[in-house]
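J.: Input: one structure, supplied below.
The values are calculated or read from the model by the stated rules, or taken from the named source; none is laboratory data. Note that this is a predicted model, so its numbers are computed, not measured. Positions of Cβ are backbone-derived with ideal geometry, glycine not excepted, and every protein chain shown enters the neighbour counts.
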Amino acid sequence: MSCDRCGQDARMYFTFGGLELCDLCISKPEEESKVDELKVYTGKETLQALLEGKTLEYNGTLYRFTDKLQVDFKTGCGWESSMSITNNMLGYKMTEVVLPQVGDWVKVNKFANTYVGQIKRITGEGYHSHWDSDKEEKILVIDSESSWQILSLEQIAEYKREQAFAKVGRKLNEFREGDIVMIDSLGVTAIVVSKKNFLKVQLHGINQVGKGHIAQPHQLTPIAFAESQVDLS
């Protein structure tokens, strides 16, 4: 098992908002390194930041240094080599750009399509992930033709919830008669007994004779959908 935030294996895990987090991630604030104000660089600091591998932005243009200085004018042509660092550039106030890192869950919009996944590897080819829960690891190039968002823990939990329903051909929070669920506020396992569950869901507590409950769909965590249960009778 790997941590849903950092992607690393650990001996101990904690459940938070439907996610499995390692002891290191549960003890620090969410996105701790990403909530700080982005630093602005000028002069020699600009050169040092580029040599350290940071991506900087000025007036919509991105700058980075690999084995040479590269710029991305966001015209759809991607990264281009730059001949030299000019004196004007040293006078720019350049802002650091936070790019997705290994372990981040990212939502990417590219060519009118949306992709979501946890970054497994970053290579010269692009970002490796099981995009949209694909069984195979695939590569996605995140460039000037893309927009991306690093997801919060709450957004990751919501995405995983959507995927759970989608795997059985349902819309988000579409519960049906016979589903086994957890009533989050009570910590009670129950079975759905109502047929129309758009606004409210009627439930009977498992091992609770004559005990009924009513909850809204978003207050329930699915345990087993009716169509995936095995009849042992």
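Here is a yes/no grid of residues against (1) closer than 24 Å to residue 218 by Cα; (2) of a type in the set (Asp, Glu); (3) without any contact (Cβ under 8 Å) to a residue 60 or more places away in the chain; (4) surrounded by 14 or more Cβ atoms within 10 Å (Cβ to Cβ):
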residue	(1), (2), (3), (4)
100	no, no, yes, yes
119	no, no, no, yes
168	yes, no, no, yes
198	yes, no, yes, no
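J.: Could you identify the single residue in 149, 163 that is within 17 Å of the chain's Cα centre (by Cα) and over 30 Å from residue 73 (Cβ atoms)?
T.: Working: 149 fails: over 30 Å from residue 73 (Cβ atoms).
Result of the check over 149, 163: 163.
J.: Identify, please: which residue in region 178-196 is touching a Gly at 6+ places or on another chain (Cβ under 9 Å) and within 13 Å of residue 226 (Cα to Cα) and is, among those, surrounded by the most Cβ atoms within 10 Å (Cβ to Cβ)?
T.: Going residue by residue through region 178-196, those that are touching a Gly at 6+ places or on another chain (Cβ under 9 Å) are 183, 186, 188-193.
Within this subset, residues satisfying the condition of being within 13 Å of residue 226 (Cα to Cα) are 190-193.
Working: 190: 25, 191: 16, 192: 23, 193: 15.
Residue satisfying both the conditions and the ranking: 190.
J.: Would you be able to say whether some residue in region 198-219 is over 30 Å from residue 60 (Cα atoms) and of a type in the set (Lys, Arg)? Even if it seems obvious, please write down each step before you answer.
T.: Here is the first cut: in region 198-219, the ones over 30 Å from residue 60 (Cα atoms) are 198-219.
Applying the additional criterion that residues be of a type in the set (Lys, Arg) yields 200, 211.
Yes - at least one qualifying residue is present in region 198-219.
J.: Related question: Within region 84-94, can one find any residue that is touching a strand residue (DSSP E or B) at 6+ places or on another chain (Cβ under 7 Å), outside the structural domain of residue 207 (by TED's automatic domain parsing) and surrounded by fewer than 16 Cβ atoms within 10 Å (Cβ to Cβ)?
T.: Yes; the residues of region 84-94 include at least one that is touching a strand residue (DSSP E or B) at 6+ places or on another chain (Cβ under 7 Å), outside the structural domain of residue 207 (by TED's automatic domain parsing) and surrounded by fewer than 16 Cβ atoms within 10 Å (Cβ to Cβ).
J.: Let me ask something additional. Using the structure shown, decide if residue 175 is surrounded by fewer than 16 Cβ atoms within 10 Å (Cβ to Cβ) and either within 30 Å of residue 71 (Cα to Cα) or not basic (Lys, Arg) (or both). Break it down stepwise before answering.
T.: Values: surrounded by fewer than 16 Cβ atoms within 10 Å (Cβ to Cβ): no; either within 30 Å of residue 71 (Cα to Cα) or not basic (Lys, Arg) (or both): yes.
Spelling it out, it is not the case that residue 175 is surrounded by fewer than 16 Cβ atoms within 10 Å (Cβ to Cβ) and either within 30 Å of residue 71 (Cα to Cα) or not basic (Lys, Arg) (or both).
J.: Right, another one. Would you pick out the residues in region 48-82 that are outside any strand (DSSP E or B), of a type outside the set (A, V, I, L, M) and either on the phi < 0 side of the Ramachandran plot or surrounded by 16 or more Cβ atoms within 10 Å (Cβ to Cβ) (or both)? Don't jump to the end; show me each part of the working.
T.: Let us first name the residues in region 48-82 that are outside any strand (DSSP E or B), namely 48-54, 59-60, 66-68, 73-79, 82.
From the residues that got through so far, the ones that are of a type outside the set (A, V, I, L, M) too are 48, 52-54, 59-60, 66-68, 73-79, 82.
Within region 48-82, 48, 52, 54, 66, 67, 68, 73, 75, 77, 79, 82 meet the criteria.
J.: Scan region 103-117 for residues that are surrounded by 15 or more Cβ atoms within 10 Å (Cβ to Cβ), at pLDDT 90 or above and over 11 Å from the mean Cα position of the chain (by Cα) and jot them down.
T.: none
J.: Say we look at region 140-164 and pick out the residues that are part of a strand (DSSP E or B), among the hydrophobic types (A, V, I, L, M, F, W, C) and out of contact with any helix residue (DSSP H, G or I) (no Cβ under 9 Å at 6 or more places or on another chain); which of these is surrounded by the fewest Cβ atoms within 10 Å (Cβ to Cβ)? If you could, list the steps in order and put the result at the bottom.
T.: Restricting attention to region 140-164, the residues satisfying the condition of being part of a strand (DSSP E or B) are 140, 146-150.
Okay, now just the ones that are also among the hydrophobic types (A, V, I, L, M, F, W, C), so 140, 148, 150.
After this cut, where a residue has to be out of contact with any helix residue (DSSP H, G or I) (no Cβ under 9 Å at 6 or more places or on another chain) as well, the list is 148, 150.
Values: 148: 18, 150: 16.
Among them, the one singled out is 150.
J.: Report yes if some residue within region 3-23 is of a type in the set (A, V, I, L, M, F, W, C) and modelled with pLDDT of 80 or more; otherwise report no.
T.: Restricting attention to region 3-23, the residues satisfying the condition of being of a type in the set (A, V, I, L, M, F, W, C) are 3, 6, 10, 12, 14, 16, 19, 21-22.
Within this subset, residues satisfying the condition of being modelled with pLDDT of 80 or more are none.
Within region 3-23, not a single residue is of a type in the set (A, V, I, L, M, F, W, C) and modelled with pLDDT of 80 or more.
J.: Look at region 88-138 and say how many of its residues are out of contact with any helix residue (DSSP H, G or I) (no Cβ under 6 Å at 6 or more places or on another chain), over 22 Å from residue 55 (Cβ atoms) and assigned to a strand (DSSP E or B).
T.: Selection size over region 88-138: 2.
J.: Oh, and also: With region 165-233 as the region, which strands (runs of 3 or more DSSP E) entirely inside it contain at least 1 residues that are in contact with a Phe, Trp or Tyr (Cβ under 6 Å, 6 or more places away or on another chain) and not assigned by TED's automatic domain parsing to the domain that holds residue 133? Spell out how you get there, then give the answer.
T.: On the way: elements: 180-183, 188-192, 201-205, 212-215, 220-224.
Once the strands (runs of 3 or more DSSP E) in region 165-233 are filtered for at least 1 residues that are in contact with a Phe, Trp or Tyr (Cβ under 6 Å, 6 or more places away or on another chain) and not assigned by TED's automatic domain parsing to the domain that holds residue 133, what remains is 188-192, 201-205.
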